[in-house]
Amino acid sequence: MNTVSFSCEIPVRYDVDICITGAGPGGVAAAVTAARQGAKVLLLDAHTMPGGMSTAARVPVLMTVSDGIRLLPDGFGREIIDRSTAAAQAHNFDNGWMPLHAEQLKWIYEDLLTQAGVELLYYARLAAVRTENGTVRETIYAAPSGLFAVKAKIFIDGTGDGTLATWAGAPFDMAPLEEIMPSTLCSFWAGFDWQAYRDGGACTHNDDKMPDLLEAAFKDGSLSTEDFHHTGLVRNSNFTAGGNISHVFGIDGTDERSLTRGLVESRRLLQEYERFYRKNIAGFANAEIVDSGSLLGIRESRRIKGDYTLVLEDFQKRRDFPDEIGRYNFSADIHPPRPTRAQVEEHKKFFRSTACGHGESYGIPYRVLLPQKINNLLTCGRCVSTDRYVHASLRVIPGCWITGQAAGMAAAMAADANCTPREINVQQLRENLRNIGGYFH
């Protein structure tokens, strides 16, 4: 492979208490929480909006937020839900989950960031990380104005893929591509008759009619990729429904070539599904896809190895931890890498077998946010330290709010005390989180 040598003087444009890379659900929660504690916070994102999967990727629905008694992503999550609920209640709560209105959510995130005093910067893509003796010294970004560097006391990786932590030298786990969960390009649909759709009884893979309709379409070639894992649509405004439809397989969320293939293939598949719905699904004869995500919906990539790895046994035993900073309860939703009809049935059985009962949840220890080998870095969101089973539960938006809120509070404490996140008083962290609404045992 040919290589080039390149060096230049890069200006240090920012010197802050806390630098957060990635403005997804976890990164936004971390930024707002830390800034409210008085920290000087810079939040950077390569994209043009906050929210990541919850906005740019057009994920249409908010997964489980309650154990039937309590709101689990309390604190930051409650603020989002309270401000979203008025719009959501105008529609139905399919499967007990709350539909997401991406445009509204962008406004809510940006308002919270602005009110908290966070300095927000879009169009800033992480380009390099400079680490010395296990301490991140600067992060470097590529932007329309050129390269620039950021110094901070504490850094937070909110990239979802663990990019900052990996480039800083933290170890990670990642499933082989033949086993990795498939990705989805979510979409917005209009021009449907929603009541006719609901009455038609062929909404998802859980309905009796849908698997047979899909199988017929695979056989006649109108759907070119055999995929029986069909999660259907959720009404998310007066005029649109959000589709979490079609999978693309073997996508490496850390490789731009693979991501490009995933986007191109997904857009082709969405055209097929639009024709399929018009032909086969009640209420959709005149429907059309009016928008798709500007980010591919990645379910799984790197999991950064932390001081503790949360595993399936912890989940199954609903384990408590002395350094617990939150609790969650969504099932282990591992989308099968080869969704034949038989594999989808196995997926459904495993999903149901890991469902928490009324009032049940598992604890999330603070140590899963602390990357091994790095002193002044925290993770939040999809890349925290878990096995694949817990990852499949905690990766969703409410889980990201929980870990983001804790990372932001811990970072603010460490920055204020001029110490590392490992050196803070964890019981004081828990008390501070409780004071802003955080729930744990």
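Within segment 277-293, being surrounded by 14 or more Cβ atoms within 10 Å (Cβ to Cβ) and either in contact with a Lys or Arg (Cβ under 6 Å, 6 or more places away or on another chain) or in a loop (DSSP other than H, G, I, E, B) (or both) holds for ILE281, ALA282, GLY283, PHE284, ALA285, ALA287, GLY293. Scanning segment 361-380 for residues that are in a helix (DSSP H, G or I) and surrounded by fewer than 24 Cβ atoms within 10 Å (Cβ to Cβ) gives a single hit, ARG367.
Any chance segment 339-355 includes a residue that's buried (at least 24 other Cβ atoms within 10 Å of the Cβ) and in contact with a helix residue (DSSP H, G or I) (Cβ under 9 Å, 6 or more places away or on another chain)? The answer is no; no qualifying residue exists. Is it true that THR254 is in contact with a strand residue (DSSP E or B) (Cβ under 9 Å, 6 or more places away or on another chain) and not assigned by TED's automatic domain parsing to the domain that holds ALA57? Judged against the criteria, THR254 is not a match. Hey, does segment 147-154 have a residue that's over 23 Å from the mean Cα position of the chain (by Cα) and among the aromatic types (Phe, Trp, Tyr)? Yes: one or more hits. If only residues of segment 340-360 that are assigned to a loop (DSSP other than H, G, I, E, B) and over 22 Å from the mean Cα position of the chain (by Cα) are counted, the one that is modelled with the lowest pLDDT is THR340.
The condition of being modelled with pLDDT under 95 and either assigned to a helix (DSSP H, G or I) or at negative phi (or both) holds for ALA86. The criterion of being in a loop (DSSP other than H, G, I, E, B), within 23 Å of the chain's Cα centre (by Cα), among the hydrophobic types (A, V, I, L, M, F, W, C) and surrounded by 15 or more Cβ atoms within 10 Å (Cβ to Cβ) does not hold for ILE325. The residues of segment 51-66 that are assigned to a loop (DSSP other than H, G, I, E, B) and under 12 Å from the mean Cα position of the chain (by Cα), listed by number, are GLY51, THR55, ALA56, ALA57, ARG58, VAL59, MET63.
For segment 135-146, the condition of being of a type in the set (Phe, Trp, Tyr), in contact with a helix residue (DSSP H, G or I) (Cβ under 9 Å, 6 or more places away or on another chain) and surrounded by 20 or more Cβ atoms within 10 Å (Cβ to Cβ) holds for none of the residues.
Looking across segment 89-113 at every residue that is over 19 Å from ALA56 (Cβ atoms), out of contact with any Cys (no Cβ under 9 Å at 6 or more places or on another chain) and assigned to a helix (DSSP H, G or I), the one that is modelled with the lowest pLDDT is identified as ASN95. The residues of segment 67-83 that are touching a Phe, Trp or Tyr at 6+ places or on another chain (Cβ under 6 Å) and part of a loop (DSSP other than H, G, I, E, B), listed by number, are ARG70, LEU72, PRO73, ASP74. Inside segment 383-414, residues that are under 17 Å from PRO371 (Cβ atoms), assigned to a helix (DSSP H, G or I) and either more than 21 Å from the chain's Cα centre (by Cα) or small (Gly, Ala, Ser) (or both) make up a count of 7. Looking across ASP208, ASP193, ASP199, one residue alone is over 15 Å from GLY250 (Cβ atoms) and without any contact (Cβ under 8 Å) to a residue 60 or more places away in the chain. It is ASP208. Taking segment 150-259 as the region of interest, the strands (runs of 3 or more DSSP E) fully inside it that hold 1 or more residues being closer than 26 Å to TYR122 by Cβ are 187-190, 241-243. Evaluate segment 315-323: report whether one residue or more is closer than 30 Å to ALA168 by Cα, touching a Phe, Trp or Tyr at 6+ places or on another chain (Cβ under 7 Å) and in contact (Cβ under 8 Å) with a residue 40 or more places away in the chain. Within segment 315-323, one or more residues are closer than 30 Å to ALA168 by Cα, touching a Phe, Trp or Tyr at 6+ places or on another chain (Cβ under 7 Å) and in contact (Cβ under 8 Å) with a residue 40 or more places away in the chain. Residues in segment 25-50 that are under 16 Å from the mean Cα position of the chain (by Cα), of a type outside the set (Gly, Ala, Ser) and not in a loop (DSSP other than H, G, I, E, B): PRO25, VAL28. Apart from one condition, HIS230 fits all of (1) without any contact (Cβ under 8 Å) to a residue 40 or more places away in the chain; (2) touching an Asp or Glu at 6+ places or on another chain (Cβ under 9 Å); (3) buried (at least 22 other Cβ atoms within 10 Å of the Cβ); the exception is (2).
Of the candidates CYS383, CYS419, the single residue that is buried (at least 24 other Cβ atoms within 10 Å of the Cβ) and under 25 Å from VAL32 (Cα atoms) is CYS383.
Of all residues in segment 122-141, those that are assigned by TED's automatic domain parsing to the domain that holds THR159 have Cβ atoms under 7 Å from Cβ atoms of residues that are assigned to a loop (DSSP other than H, G, I, E, B) and among the acidic types (Asp, Glu), 6 or more apart or on another chain, in TYR122/ASP45; ALA124/ASP45.
The values are calculated or read from the model by the stated rules, or taken from the named source; none is laboratory data. Source: prediction; values computed, not measured. Because the Cβ atoms are built from the backbone with ideal geometry, glycine has one as well, and the counts that use them run over all protein chains shown.
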